[in-house]
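Heads up: the structure comes next, in structure tokens.
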Amino acid sequence: MQNFFFRFRRVILCCLISITCAISFRASAQPDPTYKLVTGESYIQSKNYYLLTLFQSVPEVKALIEKDPILIDIAREKRSKLEHAVNECKDMLCYTEPVMFSEHEIRIVGERLAELLKKETALMKLVKDHLRKSGTYILFHGSSDSELLTRAWEQDAKGINNTIRIYGAGGKPNYPLIDSIGFDVRKKNYPVLVHDCADVVRQENEEAKLFFSVPLNLALQFLEVNERSEASDYEPMISTVNKAACDKVKSIDWSKFKYSVILVPGAGPDTYERALSEGGILRCRIAALRYFEGVAPFIVVSGGRVHPFKTKFSEAFEMKKFLVDILKVPESAIIMDPHARHTTTNMRNCARLIFRYGIPFGKAAIVSTVKAQSYYITNDAFVARCRKEIGDVPYTLGKRLSETEFEFFPVLDALHIDADEPLDP
């Protein structure tokens, strides 16, 4: 009997230790709201491929990667394949496919990074101080450092492949009506353009030592010639279009407000001449009513350059302009999200801004919009759409307040980069 109690006590003790360790790990794995995202060479690159941006931007890690023999071989092979494509290819797939990362290359690089992590403190520090604190790969935070690093690499590599596939080879994006390539790939002169893109990247990367430089820069080159710079619109927002609001955040007495922000999802016009749609006008008016009632100190207007195809008008910018000029809402009360392209990312990007701008993350927010969209977002089908399209549900629902308003709470999973949406990752 004594042995039984001894064994029982030991089992209980082990369980308590395991639970304590799990809680401790989970706490340490949480992103840091004071972490400053590294921009690198461009917002388009850093938002899409954050790990690779860190590889370029952290000197100790860059030096480590540039001198590793296995990774040097991959860099050399990529330069060689691009050289061959420029000199020999005649069709677009011949230019693009050899430069993309193969499954074999992705595996080899992942294994090598995992090996280097075991002995190189620079990589250990990168995982601890950047990958975990930034939250940009938060869906992998339950993994070990090694697995987090390799999964982040795999995501970036496949994201680069996806960008080349869509904006170089004319592949189908998730939303063809708004996100497709800007050229007719069936025309005889299109391979000439692809050749010229490849040749520019070849010339710019003749001395490139980083194993990912050629594919990364080809992907960015294709986005550039397609005029797909949406991911960088109005950046750095914290010191430009959102500066007045960000400065105001620091002085808010949050106890005086029931909600943190009022989110207004965008609605794009049907024609190229119209800057703000009728839906956008009505949603702004509803949100302004709630703002002047004092329910929250900020309105978040969310919507990018989406409708119609390759429009020059930003939904968020035009809504902000209407709120300030017509409805007399102070500019310091308006936070722009000019990047969201869908209702799913209206919700996700709002959660991100709440976290990044130091707004109380545990405080409820509200969505203020027209009746039809309000009930659409609170439907179970919309939750399923979030899981399918962006890989997570970036909010939890609170109470319904009216036909046009409902509560929601932001979720940290919203910070994870969406690798297959290069215009708003």
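Listed by first and then second residue, the pairs with beta-carbon distance under 9 Å, at least 6 apart or on different chains, first residue in region 217-242 and outside the structural domain of Ile335 (by TED's automatic domain parsing), second modelled with pLDDT under 95 and outside any helix (DSSP H, G or I), are Asn217/Ala208; Leu220/Glu41. Only one entry of Pro31, Pro59, Pro98, Pro69 meets the criterion of being in contact with a His (Cβ under 9 Å, 6 or more places away or on another chain), of a type outside the set (S, T, N, Q) and free of Cβ contacts under 8 Å to residues at least 24 places away in the same chain, and that entry is Pro98.
Please verify whether region 229-245 includes one or more residues that are surrounded by 21 or more Cβ atoms within 10 Å (Cβ to Cβ), closer than 30 Å to Ile65 by Cα and modelled with pLDDT of 95 or more. Within region 229-245, one or more residues are surrounded by 21 or more Cβ atoms within 10 Å (Cβ to Cβ), closer than 30 Å to Ile65 by Cα and modelled with pLDDT of 95 or more.
State whether one or more residues within region 296-313 are part of a loop (DSSP other than H, G, I, E, B), among the polar types (S, T, N, Q) and either modelled with pLDDT of 95 or more or surrounded by fewer than 16 Cβ atoms within 10 Å (Cβ to Cβ) (or both). Yes, the conditions are met somewhere in region 296-313. Residues that are surrounded by fewer than 19 Cβ atoms within 10 Å (Cβ to Cβ), at pLDDT below 95 and assigned to a helix (DSSP H, G or I) do not occur anywhere in region 57-73.
Rundown of residues vs (1) outside the structural domain of Tyr259 (by TED's automatic domain parsing); (2) free of Cβ contacts under 8 Å to residues at least 12 places away in the same chain; (3) not hydrophobic (A, V, I, L, M, F, W, C), yes/no style:
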| residue | (1), (2), (3) |
| --- | --- |
| Gly358 | no, no, yes |
| Ser374 | no, no, yes |
| Ile377 | no, no, no |
| Lys399 | no, yes, yes |
| Phe409 | no, no, no |
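When region 354-407 is filtered for residues that are of a type in the set (Phe, Trp, Tyr) and either at pLDDT below 95 or outside any helix (DSSP H, G or I) (or both), the ones remaining, listed by number, are Tyr357, Phe361, Tyr395, Phe406.
Scanning region 110-154 for residues that are more than 19 Å from the chain's Cα centre (by Cα) and outside any helix (DSSP H, G or I) yields a count of 4.
The combined condition, being closer than 20 Å to Ala152 by Cβ, at pLDDT below 95 and surrounded by fewer than 18 Cβ atoms within 10 Å (Cβ to Cβ), is fulfilled by Gln30.
Taking the condition of being among the small types (Gly, Ala, Ser) and in contact (Cβ under 8 Å) with a residue 40 or more places away in the chain, how many residues in region 379-393 meet it? Break it down stepwise before answering.
Going through region 379-393, the residues among the small types (Gly, Ala, Ser) turn out to be 381, 384, 391.
Subset that is in contact (Cβ under 8 Å) with a residue 40 or more places away in the chain: 391.
Residues in region 379-393 being among the small types (Gly, Ala, Ser) and in contact (Cβ under 8 Å) with a residue 40 or more places away in the chain: 1 in total.
Within region 332-349, is there a residue that is modelled with pLDDT of 95 or more and on the phi > 0 side of the Ramachandran plot? Checking region 332-349: not a single residue is modelled with pLDDT of 95 or more and on the phi > 0 side of the Ramachandran plot.
The values are calculated or read from the model by the stated rules, or taken from the named source; none is laboratory data. Note that the structure is predicted; figures quoted are calculated from it, not measured. FYI the Cβ positions are ideal-geometry reconstructions off the backbone, even for glycines, and counts take in every protein chain you see.
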